[in-house]
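Structure, as structure tokens:
A short reminder: the numbers here are calculations on the coordinates, not readings from a lab. Please read all numbers here as calculations on a predicted model, not as lab measurements. Methodologically, a virtual Cβ is constructed for each residue, glycine included, from the backbone with ideal geometry; neighbour enumeration extends over all protein chains shown.
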Amino acid sequence: MSRLEIILSATLTLSVIFNIGIFVYARSAIARLLFVSEELGDLQQMVDSFAKHLKTLYELEMYYGDQTLQNLLDHAISFNEQLETFEYIYELTEEEEADIVDHDEEEEIAEGAQ
């Protein structure tokens, strides 16, 4: 084996190892991003539900005009609006879930037509 072949073999080996490492890291990072995306989406839904529930409670005759509830409602709405700034992150998994549902519906239609 010539010196050039040894250098090329070593370079190829290092390149393959490096590419495998980058692939594993990228896959891990994407998995974490999707997990965070799902959790942010769930959190946004919970805050939205809480704000709606609080608004319903505030509109009851017994509590209507209560300043403490009004401040809490304003805070919940503000928090919900702040979470909407992360909408681009949690929409990543919503689009993926919608694609899965669409695919499942297409399969059911195809099975029903047979």
Applying the selection to region 30-46, what residues are among the charged types (D, E, K, R) and surrounded by 14 or more Cβ atoms within 10 Å (Cβ to Cβ)?
Glu38
In the set Leu14, Leu33, Leu54, which member is assigned to a helix (DSSP H, G or I), within 20 Å of the chain's Cα centre (by Cα) and not aromatic (Phe, Trp, Tyr)?
Leu33
